[in-house]
Structure formats: structure tokens, C-alpha cells
Amino acid sequence: MVWVADGERYEYVRSAAGVLVGVPTGAAALAGVAYVVLQQFAGSAPVGAAAVVAGVAVAALGATVLPGDSLTPGALNVAAKRATVGAAVVAVVAAADLGGTVVETEGVEIPGVPELEPGLVDPLLAPGVGPVPPVGTFLLVVGLGAASVRAALGRLPVRELLDDRSDDPGAALARYERLRRGLGYGWIAAAIGLPLVLVNQLSAAPALWGRLPTAALALVDALARSSFLRSLAVAAIVASVAAVLLAWGVRRAARTDPSAHAGSVGALAGGGLATVAATATAEPVVGTLLRAVERALPASAATEFARQGDAVVAYYGDAGLALALATLGAVSTLGACLVLRVAMTASVLPRAGNGHALASAGLVFAGAFGLTVGVGPTVGLGAVVAAVVVSDTGRYGRGIGRGVGRRARSLTAQVVHTGGVLGVSVVAGVAGVAALAVAGSVSVPAGPTATLALVAGVGSVSVLALALALGR
């Protein structure tokens, strides 16, 4: 994903492709490690196999970034931003799908979100017959509608369009200004209507309205209960808000360089395509994962897992579970980018030319834990020997490249250096294998002596490494 997402050319496409690659890659890596861990708990894989798999994955990552040296701080920053946007899109869609399923199935009421019952809307749009005319709500709705239209006219380029007319623009502009001044009284109407709403709730309100002549009271009551005028005012409010938002968006887009947001737009598109792909392949993916877990579990637990798994699929659906898995994949990819970036910041990982460092660390990790799972001393120590060769050769080759240039003829020197390192490492590895073969098995009894020896060994190695680093 880092190599795909980073780049100046075709940024839209590269960002979308980076998210599309990162989501399934993260999901596959997470599922693979989880599967091996499950096999460890089931007893079909030795304890430590997951660590071997993780070491091999890190070594493979280091090998892939070796040719182009693509794992740089800048590239990781770009990849992390794209992964964040993609993960947010997938997570929002997954949460909406799963949450909607729960709300629809269980009838859960969301706190703070009232249901739009007719009793809440009728007083505004179509008030019923009552002892007092609903003048307060009428003035409030109509006043807000007029004020909203005035605000929308101020945001839209109406004045500019009228000024460009070939015939008398002065008269048109004068009528436009009079219209805006008239609509400005909407705020006064809304301000009068709000206290009238409270006055109509008083017990003395019918007596107050009863002082008006019968004909005038009937006219005011009919006007205040007009559902047409109220609906027109509400429609004006909605249209004005939409017009204001549209004008703001057009102005913002006109003042913004499109290339500045190309990566984010591409990541949004990539997240959308990832959700579509997850939904389209939901049934085979979820079914394959469930059957794989069943095969990894013992027979006694596989039956119960199959029953529970079918119940979960029936409740949430294949699409919801696939989107949840895609979210985990996007988050794991983002987490990997952040971990690598923090490692560079803390100087644990080199900022450039770090492919050989990752590959050697992964090989050492896999070889060390491989000895604990019974791969044999030859394979375990062979991985450690390969790690030493990769690390030293990578450092030496990078040093030559900085010194004499990448295009200089340095193949002979590198081959000689690699041969010497390989020879020394192989001799050390053979000696280690022979020592283990003679000794048979090495065991350290538990107790304070073993703890003291372990602490002393780690401390001495740390002091030696620090002394070598300071002596450069």
C-alpha cells in the first residue's frame, strides 16, 4: 500500500488503489495470524507458531521494500492519511449496517433522536381546531421562512445576474432591494410569534382573543390555520438552507486547488469501492472463514461453533460481517503504518534503506521462535545466519552507494564482502548446530540463578551494543 499510495502522478488513482490494496491485505494478514493462534489453542500447531508466521511476514515486508527503498517517513505519512480516510469510510458503512440491523431487529430506541410522530409535526403544518387561533406558531414559521429566503438571496449571485441585464438594471435592482427589505421583517414576525406561543398556553388566552370582533377573529383564525401557507414557509426554509449550503460549497470549491485534495478524494473513492467489493464477496468470504475455523477446532468445539456461527450470520447477515472484517483489515493496515512510523521516529528503524533491517529482524525472530516449535537447529540457526548476511550485506551495499554512487562498478567488492560474511556466518552456524547435537537438549532450571543469568546476559549484550554504537 505504501508504494501504491505514494506518488505525485495520478494521485486520485493511486490513492484509491492504495486503499483497495490495503484493506484486503490487512484483513488477510490479520486472519492468517488469528488462524495460526487458533490452531495453537486447539493443539494442532505448536505454541510459538504465530510468532514464526509474524517473523516471516516482517521478513517478506523487508524484502518487498528493498528494490525501490519505498518505506520512507514521507511515504508512511501519506499511506497513514489514505488508510485513515479509507478506514473511516468502511467503518461508518459497517457501523450503519450492523447498527441498523440491531435497531430493526431489536426495536432499539436511539437516545436523543425523537421519532417524527404526527403529534410533533401537526402543530406546525396543520394545527387542529382549538379555542384560540394559533397565531404564534404561524408567525414563527412564516417569519423564519421569510428570513431564510432573504439569507439565501444574499448568498446567491442574484444582484450580479440582475446587473448584467441589457435593459434597465436600476429598476430591477431597486425591486430586488425592496423585496429583501420586506423579507427582512420576517425576523420581527418570528420575534412576535415566539411570545404569542407562550401566551396561547395561558388559561386566560381564550378571553383575550374573545375581545376581538367575531368577523376579525374568524379571519385571523382561518389565516393562522392555513396549512398551505405553513407548508410553503417550511418548504422555503428547506430550500433556502439547501441554497446557502450549495453556494458555500461552490465558493469553497472555486477557491480551493483541486490537486490539494486529490489524495483524500481518491481515498474516499477507494473506501467506497472497498465497501462495494466487501459486500459483493460477502457470502463466499464469510463462508470460507467459518469453515476454516471449524476445521481448525477440535470436533467437540466445532459443532458448537458451527451452530453459533450460523446464528450470527442469520442475525447480522453476510454483508455486515464482511464489512466488519474489512474494517478490521483497514484498521490493521493503518496500525502497521503507524507502528513503522513511530519506530522510525524513535530511531529503532532506519529512516532510509530499512528493507534489510526489517528482513533481518524478521528472519531472526522466525529462526529464534522456530527453535521452540521443533523445526530443528539447522533450520533455526540457518535463519539466523541468513539474517546476519542480509543485514551486513545491506549496510555494506548502502554505504558503497553513498560513497561512490549507485552506478559505480562495485559488484566485485560486494560479492567479496558478502562471501566473507557468509563464510563466517556459516562456520558459526555449523558450530552451533554441532554444539546442540553434542549437548542433546539444553535446559535451564527455574529459580533465582536462572533469572540472574538472564538479566546479566541481556545487560551485557545491551552494554556491548551501546559501546559499539558510540565507538563509530
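Couple of notes before you dig in:
- Residues that are more than 14 Å from Ala243 (Cα to Cα) and surrounded by fewer than 21 Cβ atoms within 10 Å (Cβ to Cβ), drawn from the stretch 138-159: Leu144, Arg159
- Only a single criterion out of (1) within 23 Å of the chain's Cα centre (by Cα); (2) exposed (fewer than 12 other Cβ atoms within 10 Å of the Cβ) is not satisfied by Thr281, namely (2).
- Set Thr72, Thr84, Thr105: member being over 23 Å from the mean Cα position of the chain (by Cα), of a type in the set (Val, Ile, Thr) and at negative phi: Thr105
- Residues of the stretch 141-175 that turn out to be assigned to a helix (DSSP H, G or I) and at pLDDT 80 or above, as a count: 17
- Ala75 at pLDDT 70 or above and either touching a helix residue (DSSP H, G or I) at 6+ places or on another chain (Cβ under 9 Å) or not small (Gly, Ala, Ser) (or both): yes
- Restricted to the stretch 215-259, and to residues there that are surrounded by fewer than 11 Cβ atoms within 10 Å (Cβ to Cβ), modelled with pLDDT of 80 or more and not aliphatic (A, V, I, L, M), the residue that is farthest from Val135 (Cα to Cα) is Gly249.
- Test result for Leu289, in contact (Cβ under 8 Å) with a residue 24 or more places away in the chain and out of contact with any helix residue (DSSP H, G or I) (no Cβ under 6 Å at 6 or more places or on another chain): yes
- Residue check, Leu71 touching a residue at least 24 places away in the same chain (Cβ under 8 Å), farther than 24 Å from Val90 by Cα and surrounded by 19 or more Cβ atoms within 10 Å (Cβ to Cβ): yes
- Every condition in (1) touching a helix residue (DSSP H, G or I) at 6+ places or on another chain (Cβ under 8 Å); (2) of a type in the set (D, E, K, R); (3) within 28 Å of Arg251 (Cβ to Cβ) is met by Glu160 except one, and the failing one is (1).
Residue-wise test of (1) in a loop (DSSP other than H, G, I, E, B); (2) at pLDDT 85 or above; (3) surrounded by fewer than 18 Cβ atoms within 10 Å (Cβ to Cβ).
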| position | (1), (2), (3) |
| --- | --- |
| Ala269 | no, yes, no |
| Ala301 | no, no, yes |
| Glu304 | no, no, yes |
| Leu321 | no, yes, no |
| Leu328 | no, yes, no |
| Ser332 | no, yes, no |
| Gly362 | no, no, no |
| Phe365 | no, no, no |
| Gly370 | no, no, no |
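The values are calculated or read from the model by the stated rules, or taken from the named source; none is laboratory data. Keep in mind that this is a model prediction, so the values were computed, not measured. Note that we place each Cβ from the backbone using ideal geometry, even for glycine, and neighbour counts take in every protein chain shown.
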